[in-house]
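Below is one structure, written out as structure tokens; comments come after it.
The values are calculated or read from the model by the stated rules, or taken from the named source; none is laboratory data. Just so it is clear, the structure is predicted and the values come from calculations on it, not from any experiment. Positions of Cβ are generated from backbone atoms using ideal geometry, with glycine treated the same way; all protein chains shown enter the neighbour counts. These accessible areas exclude ligands, DNA and RNA; they are computed on the full protein's heavy atoms, side chains included. Shrake-Rupley method; radii C 1.70, N 1.55, O 1.52, S 1.80 Å.
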Amino acid sequence: MEKKQNKNNPTASARILVVEDEKSLRTILRLQLDKAGYEVITASDGEEGVQRALEAVPDLIVMDWMMPKMDGNKACQILKNNFTTSHIPVIMLTAKSELKDRLEGLSGGANDYIVKPYEADELLLRVHNLLVWSRSQREASPLTGLPGNAAIEDEFQNRLDNNEVFAFLYLDIDNFKAFNDYYGYRHGDQAIRLLADIVVRVVAQHGEPGDFIGHVGGDDFIVIAGIHTAQIVGEALIEAFDREIQQLYDQEDRTRGFIKVVDRRGSYQQFPIMTLTIAAVTNQGRQFKHVGEITDTSAELKHVGKGHAGSIVVWERRTSA
């Protein structure tokens with residue numbers, strides 16, 4: 001079945017499994033969620049709910065607690081212990097309002113709960129919020145916890161569609177591969193996490209509330225910043241990186257300013273202390289229609305920046321003809 005699309009609600013294409021033994025309430029839930037644009041599948045008890053979840057792998061499950069054959073709490077535990085369904089968020093519907101009962105449901109793996117009787121608006125808001133949270137968790141980089149490529153592209157496209165003016169900063173560590181080969185993958189991961197921490201701190205200190213940070217992968221990061229603060233952010237990133245990256249090197253390498261790496265032929269090559277290249281593009285005075293146009297431009301700038309020694313921010317501000 002093809003999922004529905006709703007431009008006003010980006011989570012509305014999600015598939016939701018409703019597990020409820022009362023037929024009338026199951027019908028109401030299906031109609032409410034269907035009207036909101038979601039694709040809805042149903043099950044009439046806990047056992048059937050587990051089976052449907054394993055077959056359809058929905059984006060979210062709304063499940064009643066008190067059901068025959070298998071209650072919602074038990075069904076939730078089974079799903080959370082299965083690799084295929086462990087990531088699926090669960091909203092538990094319950095008539096139990098005591099704190100100990102709610103805690104029992106949450107300890108069983110439920111992500112949220114709604115006490116009956118409930119308002120439709122509350123249900124839909126909790127569904128939406130949990131879908132957004134779940135999506136962000138799936139798309140986040142496992143190494144840094146920052147949004148990944150899908151979230152980055154969505155953020156870009158939303159800003160372009162809304163005709164927002166912004167600056168795009170593409171960050172890439174110079175000489176990272178040599179450092180990674182020389183010190184090992186564990187130290188390489190430390191360098192990536194250090195840059196992620198620097199970006200978060202610098203943007204929080206010098207950026208604007210709407211700024212966005214993403215982890216493209218490896219040692220590549222992006223920042224979507226306000227045009228009035230982007231230059232300050234870029235310069236602060238360079239300053240912080242050059243200062244803090246030193247701590248990842250041994251004293252001897254740090255003192256001489258380079259590492260010696262043996263190539264495949266047994267010859268020594270020297271690689272300087274890692275630096276940072278930032279390619280900076282703004283859409284002020286020009287119009288980009290697609291994310292690819294911006295990334296292509298930044299790739300050209302990054303190539304130029306790599307030709308310079310030391311950390312650098314390379315700006316591109318050409319305007320449309």
Treat every Asp and Glu Cβ in the chain as -1 and every Lys and Arg Cβ as +1, leave all other atoms uncharged, and give the resulting dipole magnitude about the Cα centre to the nearest 20 debye.
320 debye
Segment 122-200: which GluC sites (Glu not before Pro) are DSSP loop and have at most 16 other beta-carbon atoms within 10 angstrom?
E164
To the nearest 0.05, the calculated FRET efficiency linking H87 and A204 through their beta-carbon distance, R0 being 22 Å, is 0.15
Over the chain, what is the mean sequence separation of C-alpha contacts under 8 Å (at least six apart), divided by residue count, expressed as relative contact order in percent?
12 percent
Fully extended contour minus Cα-Cα distance, from T255 to T27, at 0.36 nm per residue:
74.9 nm
Distance from a point 7 Å along Cα→Cβ of M70 to each backbone N in segment 11-32: keep the residues under 14 Å and list them by number.
19-20
Subtracting the Cα-Cα distance of I227 and E153 from 0.36 nm times their residue separation yields 24.7 nm
Give me the accessible area of T85, 1.4 Å probe, in Å² rounded to the nearest 10.
0 Å²
Per 0.36 nm of contour for each residue apart, how much would the distance between A299 and K35 grow if the chain were fully extended, relative to their Cα-Cα spacing?
90.7 nm
Given charges at beta-carbon only (K, R positive; D, E negative), |dipole| of segment 17-56 in Debye:
220 debye
Once the Cα atoms of helix 149-161 and of the chain are each reduced to a long axis, what angle between those two axes, in degrees from 0 to 90 to the nearest 10, is obtained?
90 degrees
Pairwise FRET efficiency - R186 versus E316, Cβ, R0 = 35 Å, nearest 0.05:
0.45
Mind scanning K35/K74; K23/K74; K35/K69 and naming the pairs with a C-alpha gap bigger than 25 Å?
K35/K74; K35/K69
From highest to lowest solvent-accessible area (probe 1.4 Å; ligands, DNA and RNA excluded), Y268, Y38, Y182, Y113 read Y268, Y182, Y113, Y38
From the square roots a ≥ b ≥ c of the eigenvalues of the alpha-carbon gyration tensor of segment 128-178, which class results: rounded (a/c under 1.5), prolate (a/b over b/c), or oblate?
oblate
For V262 and A56, extending 7 Å from Cα along the Cα-Cβ vector and measuring point to point gives, in nm, a value of 6.0 nm
Whole-Å distance, taken between Cα centres, linking segment 108-175 and segment 201-218:
15 Å
Computed magnitude of the charge dipole of segment 240-284 (debye, nearest 20; Cβ of K, R +1, Cβ of D, E -1):
200 debye
Whenever you get a sec, line up R15, R30 from highest to lowest accessible area (probe 1.4 Å, protein heavy atoms).
R30, R15
